[in-house]
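The values are calculated or read from the model by the stated rules, or taken from the named source; none is laboratory data. These figures come from a predicted structure and were not determined experimentally. Heads up, the Cβs are rebuilt from the backbone with ideal geometry, glycines too, and the neighbour counts pull from every protein chain shown. Each accessible area value is taken on the protein alone, full model and side chains, heavy atoms only, with ligands, DNA and RNA left out. Shrake-Rupley method; radii C 1.70, N 1.55, O 1.52, S 1.80 Å.
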Amino acid sequence: MTRQTALTIANPRVNSHIQAHWAKPEEAPAIMELYRITAEWLKSKGSTQWADLLVGIDRHNTAAAIERGEVVLFKQGDDPAAVVILMLKASPWDLNLWGDNPSNEKAVFLHRMCIHRSFGGTGLGEQVIRWVDTGISFPPDKDYIRLDCIANNPILNAFYRDAGYTHVGEKDGFNLYEKRLTQD
């Protein structure tokens, strides 16, 4: 597999037990299972977030994102602990939310970050979102990380604000967040 992204993992260590690497096609089933577990947990909390995954709809086409080298899988040994998608180009989803404007060319879009439920409450989510800032070398033409999250989840919104993301708008029930990249 040839990675097509200009992103580089600068530091694979998230903590003393968790390592990050670019996901491989053969890891797609484990990643989809991680998403399914998360979607089931969200449903148990009364959220419809990621409900499409429970009926087999993957709007982010994870297998193709893996092929493009956009999916980072975090593992403890052989066990998946977390996953995140980092896209250098706005997807149709992003264009709908952020609009078709030149600033999208300067952004990396973060999608589908989730933590295996066995790591819930351990701080791994905070460690992964910080790792995105420090563990990846971004191309010099990228100035921002952008993400969206469902607007009616106050805990998730507080998570991104606490991680240094600035709320810059809302569209279609989703809050839009952005964080300036600090390039070395």
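Here are some notes:
- Residue that is nearest to Val108 (Cα to Cα) [pool: residues in the stretch 58-78 that are open to solvent by 70 Å² or more (accessible area, probe 1.4 Å) and modelled with pLDDT of 90 or more]: Arg68
- Selection of the stretch 128-155 for residues being in contact (Cβ under 8 Å) with a residue 60 or more places away in the chain, within 19 Å of Asn175 (Cα to Cα) and of a type in the set (A, V, I, L, M) yields only Ile150.
- Condition check for Thr134: loosely packed, with under 13 Cβ neighbours inside 10 Å, at pLDDT 95 or above, among the hydroxyl-bearing types (Ser, Thr, Tyr) and more than 14 Å from the chain's Cα centre (by Cα): no
- Of residues in the stretch 90-126 being of a type in the set (Lys, Arg) and on the phi < 0 side of the Ramachandran plot, the one least open to solvent (accessible area, probe 1.4 Å): Arg117
- Residue that is nearest to Asn11 (Cα to Cα) [pool: residues in the stretch 148-184 that are acidic (Asp, Glu) and under 14 Å from the mean Cα position of the chain (by Cα)]: Glu178
- Within the stretch 131-184, considering residues that are in a strand (DSSP E or B) and small (Gly, Ala, Ser), the one nearest to Ser16 (Cα to Cα): Ser137
- So Leu181, is it in contact with a Cys (Cβ under 8 Å, 6 or more places away or on another chain) and either open to solvent by 80 Å² or more (accessible area, probe 1.4 Å) or at pLDDT below 95 (or both): no
Residues are listed down the side, and each one gets a yes or a no for (1) within 16 Å of Leu7 (Cβ to Cβ); (2) touching a residue at least 12 places away in the same chain (Cβ under 8 Å); (3) of a type in the set (Ser, Thr, Tyr):
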{"position": "Lys43", "(1), (2), (3)": "no, no, no"}
{"position": "Asp58", "(1), (2), (3)": "no, yes, no"}
{"position": "Thr62", "(1), (2), (3)": "no, yes, yes"}
{"position": "Ala81", "(1), (2), (3)": "no, yes, no"}
{"position": "Met87", "(1), (2), (3)": "yes, yes, no"}
{"position": "Gly123", "(1), (2), (3)": "no, no, no"}
{"position": "Glu126", "(1), (2), (3)": "no, yes, no"}
